[in-house]
Structure formats: C-alpha cells, structure tokens
Amino acid sequence: MKALVTGGAGFIGTHLVRSLLERGLEVVCVDNFTLGHQDNVDCFKDNANYKFYNINIEETENFCEQLKDENFDIVYHLAANSDIQKGGRMPSVDYNDTFMTTYSVLELMRRCDIKNLFFASTSAIYGEKQEALTEVAGDLKPISYYGGAKYASEGFISSYTFMNDFNTVVFRFPNVIGPNLTHGVIYDFVRKLNNNPKELEILGDGTQTKPYLYVLDLVDAIVQFTLDKTMEKGVEIYNAGVESATSVTTIADIVCEVLGYEDVEYKYTGGNVGWKGDVPKFQYDLTKIHNAGWTASHTSDESVRETVKYIKEHI
C-alpha cells in the first residue's frame, strides 16, 4: 500500500509516518514546516519507502498537480493549524491551514480516484456542551475558529465521501500529547519554570479539566481502524480519547514534581478559561470506539507525566 500523510512532519504526523513505514507501507509525507520540523523527518530520508514534498497544501491546483501521479491507496489528512490561540488572533490561519487543506485533499482524491481517507478532527467542533460528548450529538456550536474550520471540513468530507464513494474514518481527538510536542499548556509550563523556578503563571483559575491522550496510543488506534480493519464505504466517526481527565492545576503539580521544582507559587490570571475560544471542560462518551475494540493504554494523568519526562530530557 501507498499512503499520503499530510502534516507528516508535525507532532502526530511524525509518529504516524514511522508506524506506517514499520508496517511496510510506502509513505509520502507532505508538510510546509509551519508547525512541523525538518528534524522530525530527517530520520526517514534514507528509507526507500519514504518520500517528502514541501508543499503548501491549501494551494489546491499546485498540490494536486504535484501529487497526481503518486497513485495513493489511502490519505491520512493531519495537516491543520493546531495552535488554537494563534488561530484566535488570525482567523485566516484556520481558514487556510485547517479548512482549505481539507478541500485540497478532497479534490486530490476526487481527481485521482483515491478511495480511502482518514481525517483528524477535534473535540472543538462540539463547543461548550455540558453532557458527555457522543458522536451523534446535535446542535454543535464551535466557539473557536479552529473548531469551526474542522466542523466545516467534516461537512465537506461527508459530501465528498458520498459523491465519490469514499471510505472515510474520522477521529475526533481531545488534547493529544507526548514525544515531540511543540506547544500547549505542558510545553508552556516547562518553559516558564525553566525561566523562573519560583513562580508559575497559570491562565484561568486552574480548574479547566480535559482528557489528555498519549500520541502513541492515538497512532495505534489510527493504524488499527485504517489498516487492521476493513474501511467501509461512507463516513465512520469516532471519539478517540481516554475516560479520565486532568485539570490545569494538576498538570502544574506534575510538571513541578517531574522537574524537581519545590515551593513554586502559582499565579492564576482568573476566570474559568485560559483564552477566548477555549473550552474549559468536556468529557467524551467513548462507548463506540471501545465497542469497536480499542482502549487507550495511558490514563490522562499518565499521559501528562510521560510527556513532561520527555520534554525534560529533550528541551
């Protein structure tokens, strides 16, 4: 099989590329290094089954022209703006990097008759819902540009899937963390404490609580649902996450413990959100993905701890 991985030099993409190569697939990685890094994929360059393109995916015609002769069996579309705060300052970032990249991928598939698609969606499409989030929840009202762009992407994916007989799997991720993490609350806490080990600024009131999924668990699930299982015609959506969750203050406690910082004074900025567009609390209903045979190996707190250990060794 031959796979295209968009955003393949990014945080999740790097781990997926490695896993697919280990499974014996030919892998074409596309990235423009907006969030991904050259260092992440240099380790693959001597693999005969690996090829890299530096392309702006949102430039649809050039993207399709460059890749039209590759004859892909499956596309893993991970490319997106995953920095929600950045998108909040510049809505064009999510329009181009999150929505338009999806449109370009769908056009490539339509024009080249590629039938299999995996799409990385997000919990942010649900908005601020109090109940446990299910895949069939209605009245979705994203509150960030990122969530809106992913929601619009899911709509286009549904349309293209049914118009072109695609086999599509969509995972709605929570917060994904682990080796090679490039931004987010854990990364920020480590950086702040290394600069000032006596004081830590915490956005919001610290009660924001979310499930954190370990990236290697996620990649295992992606591979299982696209390679180990037969992909069926139509769109199949799964919440991919963990049953537990971790508060921002608990993250701060874990970071301080792992880094060995004691007597750190926490300075809260106040309010129950870190920034406008942030969803302070949510929890998935994971019945569907559990019944399909997958459960995460790490709890939310374990995912945080393993990520801090990695950052400590590599930052």
(message) I'd like to compare 295-302, 267-274, 58-65: which one has the highest average count of other Cβ atoms within 10 Å, and what's the full order after that?
(response) 295-302, 58-65, 267-274
(request) For the stretch 163-315, state what percent of all Cα-Cα pairs lands in each successive 10 Å bin, counting from 0 Å until the bin that includes the largest distance. (result) 11, 36, 30, 16, 6, 1
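If N is the number of residues in the stretch 118-224, what value comes out of its Cα radius of gyration divided by 2.2 N^0.38 Å?
Values: Rg = 17.0 Å, N = 107, 2.2 N^0.38 = 13.0 Å.
Normalised Rg, Cα atoms only: 1.31.
Determine one quarter of the surface area of the Cα convex hull of the chain, which equals its mean projected area, and express it in nm² to one decimal. Walk me through the numbers before you get to the answer.
On the way: hull surface 60.9 nm².
Average projection, Cα convex hull of the chain: 15.2 nm².
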(message) For the stretch 170-245 and the stretch 78-116, what is the centre-to-centre distance using only Cα atoms, to the nearest Å?
(response) 19 Å
(message) If I model a spin label at Ala132 and Glu262 as a point 7 Å from the Cα along the Cα→Cβ vector, what separation in nanometres do I get?
(response) 4.1 nm
(request) Quick one: what are the phi-derived ³J(HN,Hα) couplings along the stretch 34-40, Karplus 6.51/-1.76/1.60 with θ = phi - 60°, whole Hz, x for glycine and proline? (result) 5, 10, x, 9, 4, 4, 5
(request) State the volume of the convex hull built on the alpha-carbon positions of the stretch 65-186, expressed per residue in Å³ and rounded to an integer. (result) 130 Å³
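So how strong a dipole does the stretch 53-118 carry about its Cα centre when Lys and Arg Cβ are +1 and Asp and Glu Cβ are -1, to the nearest 20 debye?
220 debye
Can you give the extra length, in nm with one decimal, that the chain gains between Arg191 and Asn49 once fully stretched, where that is 0.36 nm per residue apart less the Cα-Cα distance? Show your work: numbers first, answer last.
On the way: separation 142, 0.36 × 142 = 51.12 nm, distance 3.67 nm.
Going from the current span to full extension adds 47.4 nm.
Please give the direction-averaged projected area of the C-alpha convex hull for the stretch 233-315, in square nanometres with one decimal.
Seen from a random direction, the Cα hull of the stretch 233-315 projects 8.4 nm² on average.
Where does the stretch 41-130 land on Rg/Rh, using Cα atoms and the Kirkwood Rh?
Values: Rg = 15.1 Å, Rh = 14.8 Å.
Result for the stretch 41-130 is an Rg/Rh of 1.02.
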(message) Using the Cα centre of the chain as origin and beta-carbon charges of +1 (Lys, Arg) and -1 (Asp, Glu), tell me which of Ala137, Asn49, Val215 is placed farthest towards the positive end of the dipole.
(response) Ala137
(request) Sequence neighbours fewer than 8 away in the same chain don't count; with that in mind, list the lysines whose C-alpha is under 27 Å from Lys288. (result) Lys115, Lys129, Lys141, Lys150, Lys210, Lys229, Lys233
(message) Could you compute the net charge surrounding Asp263? Neighbours are other residues with a C-beta less than 11 Å from the C-beta of Asp263; K and R count +1, D and E count -1.
(response) -2
(request) With only Lys, Arg, Asp and Glu charged, each at its Cβ (+1 for the first two, -1 for the last two), find how big the charge dipole of the stretch 136-203 is about the Cα centre; round to the nearest 20 debye. (result) 180 debye
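About the Cα centre, and with charges only on the beta carbon of Lys, Arg (+1) and Asp, Glu (-1), how big is the dipole of the chain? Nearest 20 debye, please.
Values: 28 positive and 45 negative charges, 53 e Å.
The calculated dipole for the chain is roughly 260 debye.
So for the stretch 92-131, what percent of the C-alpha to C-alpha distances run longer than 11 Å?
Numbers: 558 of 780 pairs.
Beyond 11 Å sits 72 percent of the P(r) for the stretch 92-131.
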(request) Can you pull the one-decimal nm distance between simple spin-label points at Gln85 and Lys288, each 7 Å off the Cα toward Cβ? (result) 3.2 nm
(request) For an R0 of 25 angstrom, estimate the FRET efficiency from the Cβ-Cβ distance between Lys276 and Asp39 and round to the nearest 0.05. (result) 0.15
(request) With no solvent and one equal point scatterer per Cα, compute the Debye intensity ratio I(q)/I(0) for the stretch 201-281 at 0.14, 0.24, 0.25 Å⁻¹ and report its log10, rounded to two decimals. (result) -0.66, -1.14, -1.18
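Summing +1 for each Lys or Arg and -1 for each Asp or Glu, what net charge is found among the other residues whose Cβ lies under 12 Å from the Cβ of Glu26?
+1
Readers should treat all values here as calculations from the given coordinates under stated rules, not as data from a laboratory. Remember, it's a predicted structure, so these values are computed and weren't measured experimentally. Positions of Cβ are generated from backbone atoms using ideal geometry, with glycine treated the same way; all protein chains shown enter the neighbour counts.
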